Amino acid sequence: MISIAAVGDVHLDGAMAGHYRAQLGSLADDADVLLLAGDLTKHGTLEEGRVVAEEFRGLDVPVIAVLGNHDHQSDAQDTIAEMLRAEGITVLEGDGVTIDCLGGRLGVAGVKGFGGGFAGKGATEFGERETKEFVRHGREAAERLGAALQGLDADIRVGLTHYAPVKETLAGEPLEIYPFLGNYLLAEALDNAEAALGLHGHAHAGTENGLTPGGVRVRNVAMPVLRRTYGLYCLQPDILGNRG
């Protein structure tokens, strides 16, 4: 069995330094890895990035992250990612990593993702240049996720995003903002790769559990949804195959 701890939308700043880390004392007893689903900072400043790096450095399990829209707010996302990497935290954006766990080889592919909406009610690459750019950005993010998932040599594949791949985990959010919370093409990437699990954040008023059309379990791990330090998800490749 492979145990995954996951959380997103911790929105750390200087006033919160050390507070979240103090809750991670039992992490290694619970999980093989910690996955962070974006929005690690409040406003994406370098100062907040340093807090995040300190908060998650040197833990007893590997830490893998994607960034979120808040982490892009101050246009310092690349520097923040390098800060995290310097502390041994893997930051993914259209790529993947494989970890040897006692229960098997875990492959994680990650991308921030983007909006665009969901099947039958999504935007299309038609009309004004600005609309086409918006939709294209979401499509290209999903394509990068799909390629990274397909390229993993692992017993279990997990997709890590900030934006939601399914609308079910958005239940509780206003319907009007669904197109800005996720993109169904991310779910297609999970399905095509026969992933075991999809993890995302972003939707603070959403719900935890969802399912792709192809049957991949999706979990919204935004801290305001979980209301706990992290969610814990256990996958068993030996018993149920890659779907866990």
Residue by residue, what Karplus-based ³J(HN,Hα) values in Hz, rounded to whole numbers, does the range 65-74 have, using 6.51, -1.76 and 1.60 with θ = phi - 60° and x for Gly and Pro? 9, 10, 8, x, 5, 5, 6, 9, 4, 9
Would you mind ranking HIS202, HIS43 so that the residue whose beta carbon has the fewest other beta carbons within 10 Å leads the list? HIS43, HIS202
Work out, step by step, the length gained on full extension between ASP78 and CYS234: first 0.36 nm times the residue separation, then minus their alpha carbon distance; give nm to one decimal. 53.0 nm
Tell me, what HN-Hα J-couplings in whole Hz come from the Karplus equation 6.51 cos²θ - 1.76 cosθ + 1.60 at θ = phi - 60° for each residue of the range 220-232, using x for Gly and Pro? 8, 9, 4, 3, x, 7, 5, 6, 8, 4, 6, x, 10
For GLY38, which sequence-distant residues (separation of 5 or more, or a different chain) have an amide H within less than 5 Å of its own amide H, given hydrogens modelled in the peptide plane? ASP9, VAL66
Computed lengthening from GLU143 to ASP100, 0.36 nm per intervening residue step minus Cα-Cα distance: 12.9 nm
Total charge of the residues flanking GLY201 in space, meaning their Cβ is under 12 Å from its Cβ, with Lys and Arg +1 and Asp and Glu -1, is -2
Long-range amide H contacts for LEU12: which residues qualify at under 5 Å (H placed 1.01 Å from N, peptide plane, sequence gap of 5 or more or a different chain)? THR41, LYS42
Using the number of other C-beta atoms within 10 angstrom as an exposure proxy, rank TYR178, TYR230, TYR163 with the fewest first. TYR178, TYR230, TYR163
Residues whose built amide H sits under 5 Å from the amide H of LEU197, excluding neighbours closer than 5 in sequence, are GLY159
If you stretched the chain out fully between GLU125 and ALA17, how much longer would it get, using 0.36 nm times the residue separation minus the C-alpha to C-alpha distance? 34.6 nm
Each residue of the range 106-113 in turn: what ³J(HN,Hα) in whole Hz from Karplus with 6.51, -1.76, 1.60 and θ = phi - 60°, glycine and Pro shown as x? 9, x, 10, 10, x, 7, 4, x
Mind sorting LEU40, LEU149, LEU102 by how few other Cβ atoms lie within 10 Å of their own Cβ, fewest first? LEU102, LEU149, LEU40
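No lab work stands behind these numbers, since they all come straight from the coordinates. Note that this is a predicted model, so its numbers are computed, not measured. With ideal geometry, Cβ positions are generated from the backbone for all residues, glycine too; neighbour counts draw on all protein chains shown.
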